[in-house]
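Visitor: The structure follows.
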Amino acid sequence: MMPDQNDVRDGWIRRQQEHGNRPRAVLMKGLPARINDSIDRWHRSVLKLAFSSAKQGRVLDIGCGFGRLADEMPPLHQIPVGIDFTPQFCVAFAASHGE
């Protein structure tokens, strides 16, 4: 059975309220911090590899959270554009990265 969209959104809103705009809010629940730190480093390395030879452009970050991965885009000559259904994550993304 698929979870209700409102339940999913409410869960993410609660996570943002509990953890703020930090990686812990958007990475996997229940994993030790060092594992999530490794996942975060891996995500960033994948982005760097994927966009290292890309032409300058805009990158749509669906489920952007507070913009944890958008930090990697400007050095790669990419402009991050974020979308998330957690309002406070969108506010944080916009404050740091624009759209």
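Visitor: Here's a check for you: in segment 49-65, which residue that is surrounded by fewer than 13 Cβ atoms within 10 Å (Cβ to Cβ) and among the charged types (D, E, K, R) is farthest from residue 85 (Cα to Cα)?
Guide: 55
Visitor: While we're here: Can you find a residue in segment 1-18 that is in contact with a Ser or Thr (Cβ under 9 Å, 6 or more places away or on another chain) and among the β-branched types (Val, Ile, Thr)?
Guide: Yes: segment 1-18 contains one or more residues that are in contact with a Ser or Thr (Cβ under 9 Å, 6 or more places away or on another chain) and among the β-branched types (Val, Ile, Thr).
Visitor: While we're on this one: Could you tell me whether residue 12 is closer than 16 Å to residue 87 by Cβ and aromatic (Phe, Trp, Tyr)?
Guide: Criteria met by residue 12.
Visitor: Give me the residue from segment 23-71 that is in a loop (DSSP other than H, G, I, E, B), within 10 Å of the chain's Cα centre (by Cα) and without any contact (Cβ under 8 Å) to a residue 24 or more places away in the chain and, out of that set, farthest from residue 97 (Cα to Cα).
Guide: So the residue we want is 27.
Visitor: Condition test on residue 79, is it open to solvent by 40 Å² or more (accessible area, probe 1.4 Å) and either touching a residue at least 40 places away in the same chain (Cβ under 8 Å) or assigned to a helix (DSSP H, G or I) (or both)?
Guide: no
Visitor: Filter segment 82-99 down to the residues that are open to solvent by 50 Å² or more (accessible area, probe 1.4 Å), touching a residue at least 60 places away in the same chain (Cβ under 8 Å) and not in a helix (DSSP H, G or I) and list them by number.
Guide: Across segment 82-99, the qualifying residue is only 85.
Visitor: Search segment 36-48 for residues being of a type in the set (A, V, I, L, M) and touching a Leu at 6+ places or on another chain (Cβ under 9 Å), and hand back the single one that is surrounded by the most Cβ atoms within 10 Å (Cβ to Cβ).
Guide: Of everything passing the filter in segment 36-48, 47 is surrounded by the most Cβ atoms within 10 Å (Cβ to Cβ).
The values are calculated or read from the model by the stated rules, or taken from the named source; none is laboratory data. Since this is a predicted model, take the numbers as computed values, not measurements. Ideal geometry is used to build each Cβ from the backbone, glycine not excepted, and the neighbour counts take in all protein chains shown. The protein model used for the area step is the full one, side chains on, heavy atoms only, and it has no ligands, DNA or RNA in it. Shrake-Rupley method; radii C 1.70, N 1.55, O 1.52, S 1.80 Å.
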